[in-house]
1. Checking ALA82 against (1) in contact with a strand residue (DSSP E or B) (Cβ under 9 Å, 6 or more places away or on another chain); (2) at pLDDT below 95, which single condition isn't satisfied?
2. Which of (1) touching a Gly at 6+ places or on another chain (Cβ under 6 Å); (2) not in a helix (DSSP H, G or I) does MET78 not meet, given it meets every other one?
3. For the range 1-30, name all the residues that are assigned to a helix (DSSP H, G or I) and in contact (Cβ under 8 Å) with a residue 60 or more places away in the chain.
4. Any idea which of (1) within 22 Å of GLY142 (Cβ to Cβ); (2) without any contact (Cβ under 8 Å) to a residue 24 or more places away in the chain is the one LEU56 doesn't satisfy?
5. So if I check each of ARG233, ARG305, which one is among the charged types (D, E, K, R), modelled with pLDDT of 90 or more and surrounded by fewer than 21 Cβ atoms within 10 Å (Cβ to Cβ)?
6. Report yes if some residue within the range 168-176 is assigned to a loop (DSSP other than H, G, I, E, B) and over 21 Å from the mean Cα position of the chain (by Cα); otherwise report no.
7. Specify the residue that is nearest to MET17 (Cα to Cα); the eligible residues are those in the range 166-214 that are in contact (Cβ under 8 Å) with a residue 24 or more places away in the chain and touching a Gly at 6+ places or on another chain (Cβ under 6 Å).
8. Hey, does the range 19-27 have a residue that's in contact with a helix residue (DSSP H, G or I) (Cβ under 9 Å, 6 or more places away or on another chain) and among the polar types (S, T, N, Q)?
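The values are calculated or read from the model by the stated rules, or taken from the named source; none is laboratory data. Computed from a prediction, not measured in an experiment: that's the story for all the values here. Please note: Cβ atoms are built from the backbone with ideal geometry, for glycine as well, and neighbour counts cover all protein chains shown.
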Amino acid sequence: MPSLIKDNHRRLVVAPMMELTDRHYRYLARLLTRHTLLYTEMLTCKAVIHGDREYLLGKDSQEGPVVLQLGGSEVATMAEAARIGEEWGYDEINMNVGCPSDRVKAGRFGACLMAEPELVRDVVSGMQDKVDIPVTVKCRLGIDRDDSYEALESFAKVVLQSGCKHLIIHARKAWLDGLSPKENRTIPPLRYEYVYRLKQSYPDVHISINGGIDNLVDTKEHLTRVDGVMIGRAAYYSPAILAGADQEIFSDLPDGYSHTADLQTLTAVARSYATYMQSWMDQGVRLSAMSRHLVSLFQEVPGARLWRRHISEQAGKATDALTLIDGALEYVNANYSAADKSQPFVQTTGTCASNTPSSSDDKTRVS
């Protein structure tokens, strides 16, 4: 089946985030935005081949186009995992050449593969031979001390020999020794100019930029220089940003949304997601495993702290998802008049409200 992904879907993309961008978060994100492209969290090729495929690969038909990100470095194994991904309905396969964690490095995939561009090229070629959907690469600027523009261009030149037409570049290098995954998201400096320059050198390649982008105003500015923007933590810790994406980023599409992040819209999203959660609770899934994605829907507005507390404290013992969410919504609704409820209160500018996760979120890794 041909991919449903068009290049205009790539204008805005939610990054693959380990332990966060599961099928339940993706369902919530799709309630907020029709057109933003979504990724799975990174899955190792061996897990896809030998693991519980329904648990790892299952997705809702309402999720729309989704990219499966794979980690691995063996040509045959990655190709087989890509074939399985296409069989399970994914619209694109992405190779992870950006994650800097020790566990990923030990498995010989992720950012360490930037030192082996010929291998990346061969893996991409092998996957493309097995599938009819696009195969893309997500990488860093470079690794350790090898992070010049020339090193990035040399890596890209070799990888593109595979016929790959899409690169997603996190505009920071990765320190493979001495920095944790969390530190690798903030300490290496951002060098957006390297990505802009690469786009100028390869005008026929679709290049997306990633790293430190947390609002739609900056997204639109980057889109004047590159083809797409990938956001990570902002889309998770302030998901209401996505409610404005279809109007701000995709307004020229025939079926673009016109809603913004006002109270009425977010209330409707929360209640729709509650109905979704209940359907999974009836199948034995813990409510807290799904409601955690909803905790940050309201940020920096009256009642938001009580909204978060209610969900966090009650999810473990609630038996009805809609009752839980309606109870939490009371804390937010109580602070707004009827007129206020239709006014957007999440801006497209500014910093992500929860860019500094709590200790329980420190495991989060953007691949």
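1. Failing condition for ALA82: (2).
2. Of everything listed in (1) touching a Gly at 6+ places or on another chain (Cβ under 6 Å); (2) not in a helix (DSSP H, G or I), MET78 misses just condition (2).
3. In the first step, residues of the range 1-30 are kept if they are assigned to a helix (DSSP H, G or I); the result is 7-11, 23-30.
If the condition is that a residue be assigned to a helix (DSSP H, G or I) and in contact (Cβ under 8 Å) with a residue 60 or more places away in the chain, then ASP7, ASN8, ARG10, ARG11, HIS24, TYR25, TYR27, LEU28, ALA29 are the ones that fit.
4. Checking LEU56 against (1) within 22 Å of GLY142 (Cβ to Cβ); (2) without any contact (Cβ under 8 Å) to a residue 24 or more places away in the chain, the one that fails is (1).
5. Going through ARG233, ARG305 in turn, the sole match is ARG305.
6. Yes, the range 168-176 contains a residue that is assigned to a loop (DSSP other than H, G, I, E, B) and over 21 Å from the mean Cα position of the chain (by Cα).
7. HIS170
8. For the range 19-27, residues in contact with a helix residue (DSSP H, G or I) (Cβ under 9 Å, 6 or more places away or on another chain) and among the polar types (S, T, N, Q): present.
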